[in-house]
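Here the structure is laid out as structure tokens; the discussion comes afterwards.
The values are calculated or read from the model by the stated rules, or taken from the named source; none is laboratory data. Given the structure is predicted, the values throughout are model-derived calculations rather than measurements. Here the Cβ positions follow ideal geometry from the backbone for every residue, glycine too, while neighbour counts run over all protein chains shown. Quick note on the areas: whole protein, heavy atoms, side chains included, nothing else; ligands and nucleic acids left out. Shrake-Rupley method; radii C 1.70, N 1.55, O 1.52, S 1.80 Å.
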Amino acid sequence: MLPLLIVKLGDTIPDLAACRGGFETWIAAALGSAPVRIVDPRHDPQGLPGPAEISAAVITGSRSMVTDRAAWSEHTARWLAGVVAAGKPVLGICYGHQLLAHALGGEADWHPEGIEIGTVAVRKTPAAVADPLFAELPDVFHAQAVHRQTAVRLPPGAECLARNDFEPHHAFRFGEAAWGVQFHPEFDTVAMKCYIAQLSSRLRQGGANPDALTAAVTETHAATSLLRRFADFVMERT
């Protein structure tokens, strides 16, 4: 089997990374036994392989913003469009979700209501009923989220698979094998609580209660299962 590529576009909180690894570590663990390769186009833009060299790609989150239009980000967007056109399965997470929407003709921008953070309830849409990744998830499930930007407009032809009252596009599918999820399926409760603590001062300034957000953090097994479901989907296709 060709490697499943993890495209690392950002780093987690330094203290968290020092003891538990980064986004790519958590994603690789949740994918199961699929062979994994990791590239970081921020530092090696030419390291992104051709579609024929990979079985699929997972695009990580980032503390950067898609609207910054950084050279490495735009280069990765063009590469993503080619991978999707080649029919390779893709899963974009948070920044990766927004970048995938941008790459395919949608639009990423600041969320008009500010930040969404903590364990949130997400509702499936009717389009998710027959979706290979979302079909077996509960109609309402919990997920970990932390984002200030969003896919404000999905690519033409994309289907929204999940939403909530804050975020209208928590998940989408484009074509048969390209998905974006705004939430973080790779986060556990420790990671989520660390992000709330890291942003506590800013949250208080915005009128939020970090202590209440932390107390509400819970396990999100259904959301986490998406990574293994994606790996199974890739292996079945291969």
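Which one, GLU24, GLU159, GLU176, has the greatest fluctuation when you compute a Gaussian network model over the chain with C-alpha springs under 10 angstrom?
GLU176
Between ALA197 and ALA130, what FRET efficiency follows from the Cβ-Cβ distance if R0 is 41 Å, with the result rounded to 0.05?
0.55
Could you tell me what percent of the accessible area of the range 160-208 is made up of carbon and sulfur, with a 1.4 Å probe and every protein chain present?
About 46 percent, which is the carbon plus sulfur part of the accessible surface.
How about the range 45-128: which trypsin sites (Lys or Arg not before Pro) there lie in a loop by DSSP and see at most 14 other Cβ atoms within 10 Å?
Of the trypsin sites (Lys or Arg not before Pro), the ones in loops of the range 45-128 whose Cβ has at most 14 other Cβ atoms within 10 Å are ARG63, ARG69.
Can you list the residues of the range 119-138 with backbone N under 17 Å from a point 7 Å past the Cα of ASP165, pointing along Cα to Cβ?
Correct set: 119-124.
Quick one, can you get me the convex hull of the C-alpha atoms of the chain expressed as volume per residue in Å³?
Output value, Cα hull per residue: 115 Å³.
Could you work out the relative contact order of the range 139-228, using alpha carbon pairs under 8 angstrom and six or more residues apart, expressed as a whole percent?
Here the relative contact order equals 31 percent.
Express the C-alpha Rg of the range 132-212 as a ratio against the empirical globular expectation 2.2 N^0.38 Å, rounded to two decimals.
1.26
Across the range 82-184, how large is the tail of the calculated P(r) beyond 24 Å, expressed as a percent of all Cα pairs?
That tail contains 15 percent of the Cα-Cα pairs.
Could you tell me the center-to-center distance, by alpha carbons, between the range 48-103 and the range 196-212 in angstrom?
31 Å
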